[in-house]
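A short worksheet on the structure shown next.
The values are calculated or read from the model by the stated rules, or taken from the named source; none is laboratory data. What you see is a predicted model, and the numbers here were worked out from it, not measured in a lab. When we count neighbours, we look across all protein chains shown, and the Cβ atoms used for this are built from the backbone with ideal geometry, even at glycine. Ligands, DNA and RNA are stripped out before the accessible areas are found, and what is left, the full protein with its side chains, is counted by its heavy atoms. Shrake-Rupley method; radii C 1.70, N 1.55, O 1.52, S 1.80 Å.
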Amino acid sequence: MNIVEENWEQILNKMKLEYCSSNISYNTWIAPLTVYEVTEDTVYILVKLRASLEHIEEKYRLPFRVCIGEVTGIEYEVSFVTEDQTVIREKKKSAVKKQKSNAIFEQANLNPKYTFDTFVVGSNNNFAHAASLAVAESPGEIYNPLFIYGGVGLGKTHLMHSIAHFILENDSSKKVLYVTSETFTNELIDALKVGKNGNELAMTTFREKYRNNDVLLIDDIQFIIGKESTQEEFFHTFNHLHVSGKQIIISSDKPPKDIETLEARLRTRFEWGLIADISSPDYETRMAILRKKEELDGLERYHIPDEVMQYIANNIKSNIRELEGSLNKLIALANLENRAIDIPLAAEALKDIISPDRNRIVTPELIIDIVSDHFNIPVSELKGKKRNAEIVLPRQIIMYLCRKMTETPLKSIGIILGGRDHASISHGVDKIEAALQNDEALNNTVNIIKKKINPI
Ligand SMILES: Nc1ncnc2c1ncn2[C@@H]1O[C@H](COP(=O)(O)OP(=O)(O)OP(=O)(O)O)[C@@H](O)[C@H]1O
């Protein structure tokens, strides 16, 4: 209870004695009023009868200011609200609250879709899930670091984001940061470059960003392997956080002992905490994930038959990203061709994904999918007309990689990439080629994407 509510009776009494000409006017206008809310500088008083609002405002606003000031010793503004206005105020408040919490999640680089609620637990991931929940409940106290490993598209990133969401939802004052090791490396490269030009502030800012956290999550640590200066910097970041009891969560495609070029001192540290693996999901888990996605994306209206879901779950076994992608492709095809969702349509939608030798063939479509996933930009935008920098660079990387990693002629790359002409593809390829000569961070990014396209 605040000071105004505590003294409300006294305030009303004062109003009665000093400002009401009769009992009837007190009982009609003043007695039914209650405190709705007190902010730093305003008392909001609830008027039950809408029709009396104007009269009360005109006649009693100033007297209330005086009485409240005299009783509480604080000068408040006074505002009267009716019940329907309070509903609007509540809505606005909860919108502001939501905006604030969204901003916190955004600052931590979190994908709102990746939470424990949307994560399906199966025999392939129940250990990693339990370990993640335990760390989320007591960050920095048990299992530090938590090291999650597993193959491509099996839910490591989803689990990491879930931990971070959980921690922030319980305590929004916690400083949580999720980054990929690519971002860590590229920001370090940039800071070192600026530092060489005499700007020491760049390294200080870099270190503050990574060391000033309660929880640091680094995804795909395998991509810092073999980069000496990055491993060195990460080693110090790790020590700094660990010594101060801050939580570190790391993901990788392999366990520390199998990462060959990982410095021994880092390997030892990664093994200090808990190592949890995620393997390929079994059939039941794949079905549960498909059903969950159907529910979360509002796909029930398509009435996808069980046998179609079973067909997808039977054919896509080792990558959940592909499992989800297949469902998207199926829906897109059904919409585009206005066809019923059945097994023949599913077979058509999935034909590139489930062909046995697809891993060995690098196609422009595969490159576009991987770049889209890497930068989190929809394929439609990469193929579209927008020319903002966040899209142009990934689009040019696609042109470059299609040129270097496939035999596809420039003209065909242009057609696949949304109907662009031969000259703009050639221009894009040249741009990236030239930039790679002196942009170390871009080199790092392109190499990571190449590894994702062709892991071998
Ligand atoms: N258990 C699960 N329940 C629901 N969705 C899942 C689950 N596991 C993975 N996914 C979904 O599969 C997709 C790929 O998962 P995620 O990006 O977390 O994989 P990853 O292991 O980090 O992959 P990469 O090795 O490429 O970094 C995401 O859309 C994620 O939401």
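Overview of results
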| quantity | calculated |
| --- | --- |
| Lone unmet requirement of (1) open to solvent by 100 Å² or more (accessible area, probe 1.4 Å); (2) closer than 20 Å to Thr86 by Cα for Glu9 | (2) |
| Residue identified as in contact with a Phe, Trp or Tyr (Cβ under 7 Å, 6 or more places away or on another chain) and either modelled with pLDDT of 95 or more or among the polar types (S, T, N, Q) (or both) among Ser252, Ser279 | Ser252 |
| Any hit, the stretch 186-198, residues being within 23 Å of the chain's Cα centre (by Cα) and closer than 25 Å to Pro112 by Cβ | yes |
| Extreme residue, farthest from the ligand (Cβ to nearest atom), among residues of the stretch 206-231 that are in contact (Cβ under 8 Å) with a residue 12 or more places away in the chain and acidic (Asp, Glu) | Asp214 |
| Matching option when the condition is part of a helix (DSSP H, G or I) and free of Cβ contacts under 8 Å to residues at least 40 places away in the same chain, among Met203, Met160 | Met203 |
| For Lys113: the one exception among (1) out of contact with any strand residue (DSSP E or B) (no Cβ under 7 Å at 6 or more places or on another chain); (2) outside any helix (DSSP H, G or I); (3) open to solvent by less than 80 Å² (accessible area, probe 1.4 Å) | (3) |
| Of all residues in the stretch 32-52 being exposed (fewer than 15 other Cβ atoms within 10 Å of the Cβ) and in contact with a strand residue (DSSP E or B) (Cβ under 7 Å, 6 or more places away or on another chain), the one that is farthest from Lys93 (Cα to Cα) | Arg50 |
| Residue count for the stretch 271-289, restricted to those that are among the hydroxyl-bearing types (Ser, Thr, Tyr) and away from the ligand (no atom under 12 Å from the Cβ) | 1 |
| Residue tally, condition of a type in the set (Gly, Ala, Ser) and in contact with a His (Cβ under 9 Å, 6 or more places away or on another chain), over the stretch 274-287 | 1 |
| Qualifying positions in the stretch 370-398 - within 21 Å of Asp352 (Cα to Cα) and open to solvent by less than 70 Å² (accessible area, probe 1.4 Å) | Ile370, Val371, Ser372, His374, Pro378, Val379, Leu382, Ile398 |
| Leading residue by the ranking (nearest to Lys156 (Cα to Cα)) among those in the stretch 169-191 that are part of a helix (DSSP H, G or I) and among the polar types (S, T, N, Q) | Ser181 |
| Within the stretch 337-367, considering residues that are over 14 Å from Glu322 (Cα atoms) and hydrophobic (A, V, I, L, M, F, W, C), the one modelled with the lowest pLDDT | Ile361 |
| Unmet requirement for Glu307, which otherwise passes all of (1) of a type in the set (D, E, K, R); (2) open to solvent by 70 Å² or more (accessible area, probe 1.4 Å); (3) more than 24 Å from the chain's Cα centre (by Cα); (4) within 16 Å of the ligand (Cβ to nearest atom) | (4) |
| Neighbours by Cβ (under 8 Å, 6+ apart or cross-chain): first from the stretch 441-456, at pLDDT 85 or above and more than 15 Å from the ligand (Cβ to nearest atom); second open to solvent by less than 70 Å² (accessible area, probe 1.4 Å) and not in a helix (DSSP H, G or I) | Asn444/Lys227 |
| Pairs where the first residue, in the stretch 381-409, is more than 15 Å from Glu433 (Cβ to Cβ) and the second is among the acidic types (Asp, Glu) and open to solvent by 20 Å² or more (accessible area, probe 1.4 Å), C-beta under 7 Å, 6+ apart | Ile391/Glu381 |
